[in-house]
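Single-structure report; data block below.
The values are calculated or read from the model by the stated rules, or taken from the named source; none is laboratory data. Please read these numbers as outputs of a predicted model, since none were measured by experiment. All Cβ positions, glycine included, derive from the backbone under ideal geometry; neighbour counts span all protein chains shown. When the accessible area is computed, the model is the full protein with side chains, heavy atoms only, and any ligands, DNA or RNA have been set aside. Shrake-Rupley method; radii C 1.70, N 1.55, O 1.52, S 1.80 Å.
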Amino acid sequence: MNVTGWSRGLEVSGGGRGVVSHAGLALLRHLADKSGLTGGLSAALATPRILVHDRGRVVADLACAIADGARVISDFRVMSDQRELFGLVASVPTAWRTLAEIACGGAGADRRITAAVNTARRHAWAQVTARHGALPGVRLADKMLDGVVCIRLDATVTLAHSDKQFAEANFKGYGHHPVLAACDNTGGEPLAWILRRGSAGSNTTADHLVLLDAAIAALPPGSRRKLMVTADGAGASYGLVARLDQLAARRGFELTYSVGWVLGERERAALRLVPEQAWQIAIDGRGEIRERRGDDACADLRCAHRACWIEEAHVTELTGLLREGPAGDQLAGWPEAMRVFARRERPHPGAQLSLFEAGDGWRYSLWVTNRPADTKGWLGQNAYIDAAHRVHARVEDAIRTGKDAGLGHFPSFDFRVNAAWLTAAMTGQILLAWLKLLALDGDLARAEPKTLRYRVLHAAARLTRGGRRRRLKIQASWPWAEAITTAWKRVNALPQAP
C-alpha cells in the first residue's frame, strides 16, 4: 500500500482568495437578524455613548460563535477574521468589554436582554407553527401529546479547573451549580437559567420558583394555556409542588406536573402493603412492555410462554395507602390533587441499593403528579403516567448539548461576567434549536451541535462578487451542500421581525 500517494504533487500556499471557512455560520447570524434577536439586543443594550460596535450585534455574534464551537472568548475570532463574509465584526477585547458592561448593568440589563430574547422567540415560534402547522408535541413512549408545552427543570454541575469566583466544592467535585429550564417541544430549547455558586443546593426552593416563573414568562402568551412541568427528585420541594398546584388552579389554564419524590420511611411502609397484583407492568420508550428472556427459557425466541419471560419493571399508585392507610393521612398539608406513584425495576449490574431495596431485589423510584384520576384514554393509564415522568431524562440531553455550547466552560474569574457568558451561550443554543425547526430536515433537524458543526456550520465555500451581489458557493461535492443552500433560502424567506 502506498500510504503517501494522496500527497504526491500536492503544493500548499497561502495565496488563495475568496475562500471562507465556517460558511454555515452565516445561517445562524442571518436567523438572529431575521428573528429580531439582534435588533432586540441592540435596543436592550443601547447606550448614549458613541460606539464603533453595537453591543447587541456583539452579543448576537458571540452567541453564534459559541454555537459554532467557541469555548473561550478568543475563539470569537472565527468571525472577526473573516471580514469578507461577515463584514465588520468586533474584536476579542470588545467582546470582553461587552460582557463586562452587561455584568455592570446588573439585574436591569438581565431583564432587558431576557425581554429581547423572549420577544424574538414569539416571532420564531410563530414561524415554526406556520411551517409545521403547530408547535411539535411531547413524545411519551410511543404516543404524542399535542397541544401542551412541556417545561423541564433541572440543575447541573459545571466543573472549574481554576479558582473562579463562587466556584466551590459540591457533590460532584468543584465548580458552579447552575439551574435551567428547557422546552421539550422545541428540542430542549433553553427558556430560563440561573448561574449559582457551587455549594448551592439541588432542591433550593427559591431558585426553582424564580426559574419556573421565568420559564413560563419566556413562552409566547398563546403557549401558556396548557403546560406540563417536570422535575426530578433533586429539585423536589414542598414549595415547588405548592407553587405548581397554585398555578394549576388558575381559571382558564391547565398545568400538569410530574416531580420526583423521596423514598422515605412512610413510603417504604406503604410499599410493604402493596399486594403483588396491584403492580402493573411498565412500558419502554417504544410503548412495549419491559420484559426480558429468562435464563431457562425455551429455544423459540418468539414464544408466548409466560414462564419464558421475566417482567423487568412495574408501576403502582401509593396515594390511597398514604392518605387512608393504617397510619392515617401521612400527606396532610400537601395539595389534595397530588398523587404519589412508585416504580420498581430490576437493577442493572453494579447498581447501589438501599437495605430496603436489597431485601426484595427491586430498585424503587417515586414521583408525584396532579394528573386527575378520572383521566380518560391512554394518558390516564399508570404505564403512561410513568412514561410521562421518565421522559424527564430528556432534559439531560439539553444539558449535555448545552455543555457542548458554552455551558461547560466559563472563561472569566468574575462571577457576573460568567453569568453574561452563560446568557450568550444559552442564546446560541436557542438559535440552534430555531435553525433546526425552521430550516433543516431529516437527520439534520434532530442533530446535536457537534454534528451540525461538521455538516453545516463548518462547511467551506468560495465567496465571489459580481457588481453589488456576493455569492457564497458551497463546495459541490460536500454531501450537505444542498441542505445548506435550502436552509439559507428558508431563513431568507422568513418575514423580518419588527
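Selection among LEU99, VAL78, VAL89 by position relative to the dipole of region 55-101 gives LEU99 as farthest towards the positive end (Cβ unit charges, Cα centre). Across region 355-497, Cα pairs under 8 Å and at least six residues apart give a relative contact order of 13 percent.
Under the simplified labelling scheme, the ARG266-ALA327 pair shows an inter-label distance of 0.7 nm, with each label point 7 Å from Cα along Cα→Cβ.
Remark: spin-label model distance LYS226-VAL19 equals 5.4 nm, labels positioned 7 Å along the Cα→Cβ axis. Segment GLU312..ALA476, full-extension length gain: 53.9 nm, with 0.36 nm per residue of separation and the alpha-carbon distance subtracted.
In the chain, what percent of the accessible surface is made up of carbon and sulfur (1.4 Å probe, ligands and nucleic acids excluded)?
Carbon and sulfur together cover 52 percent of it.
At an R0 of 30 angstrom, the distance between the Cβ atoms of ASN492 and SER74 translates into a FRET efficiency of 0.45.
Accessible area per residue for region 1-71 is 51 Å², calculated with a 1.4 Å probe on protein heavy atoms, without ligands, DNA or RNA.
When only C-alpha pairs under 8 Å and at least 6 residues apart count, what is the relative contact order of region 185-282, in percent? Walk me through the numbers before you get to the answer.
Values: 74 pairs, mean separation 25.8, N = 98.
The value is 26 percent.
Annotated for the chain: lysine pairs at least 8 residues apart or interchain, Cα distance under 29 Å, count 25.
One Cα centroid belongs to region 447-498, the other to region 175-203; the line between them spans 32 Å. With a/c under 1.5 counting as rounded, go ahead and sort region 349-413 into rounded, prolate or oblate using the C-alpha gyration tensor (a ≥ b ≥ c being the square roots of the eigenvalues; past the cut-off, prolate if a/b is larger than b/c, else oblate). Here region 349-413 falls in the oblate category. When a/c is below 1.5 the answer is rounded, else prolate if a/b is larger than b/c, else oblate, so apply that to region 1-58 with a ≥ b ≥ c taken from the square roots of the Cα gyration tensor eigenvalues. Since a/c reaches 1.5 and a/b is larger than b/c, the shape of region 1-58 is classed as prolate. Computed from point charges on the beta carbon alone (+1 for Lys and Arg, -1 for Asp and Glu), the dipole magnitude for region 118-227 about its Cα centre is near 300 Debye.
On the beta carbon distance between ALA249 and ASP163, with R0 = 45 Å, the FRET formula returns roughly 0.45.
Checking (i) 83, 65, 47; (ii) 65, 59, 47; (iii) 67, 55, 50 against the coordinates, the calculated Cα extents along the principal axes in Å falls under label (i).
Note on region 22-101 and region 352-412: Cα centroid distance 37 Å, given to the nearest whole angstrom.
In this structure region 278-400 gives 54 Å² per residue of accessible area when probed at 1.4 Å with all protein chains present. By definition, a body whose alpha carbon gyration tensor gives a ≥ b ≥ c is oblate when a/c is 1.5 or more and a/b is not larger than b/c, and region 1-146 fits this oblate description.
Using only Cα atoms, tell me the angle between helix 238-248 and the longest principal axis of the chain; keep it within 0 to 90° and round to the nearest 10. Helix 238-248 and the main axis of the chain meet at about 80 degrees.
Candidates GLY285, ALA155, PRO411 compared by Cα position along the dipole of the chain: farthest toward the positive end lies PRO411, with charges placed on Cβ.
Only Cα pairs under 8 Å and at least 6 apart count here; give the relative contact order of the chain as a rounded whole percent. Write down the numbers at each step before the final one.
Working: 822 pairs, mean separation 106.5, N = 498.
RCO, the chain: 21 percent.
Farthest towards the positive end of the charge dipole of the chain, among the residues CYS183, LEU321, VAL128, is the Cα of VAL128, using unit charges on the Cβ of Lys, Arg, Asp and Glu.
Placing unit charges on the Cβ atoms only, positive for Lys and Arg and negative for Asp and Glu, gives region 61-198 a dipole magnitude near 260 debye about its Cα centre.
Give me the 1.4 Å probe accessible area per residue for region 103-254, excluding ligands and nucleic acids, in Å².
Working: 6310 Å² over 152 residues.
Value returned for region 103-254: 42 Å² of accessible area per residue.
Calculated FRET efficiency, MET144 to THR319, Cβ-Cβ distance, R0 = 22 Å: about 0.20 to the nearest 0.05.
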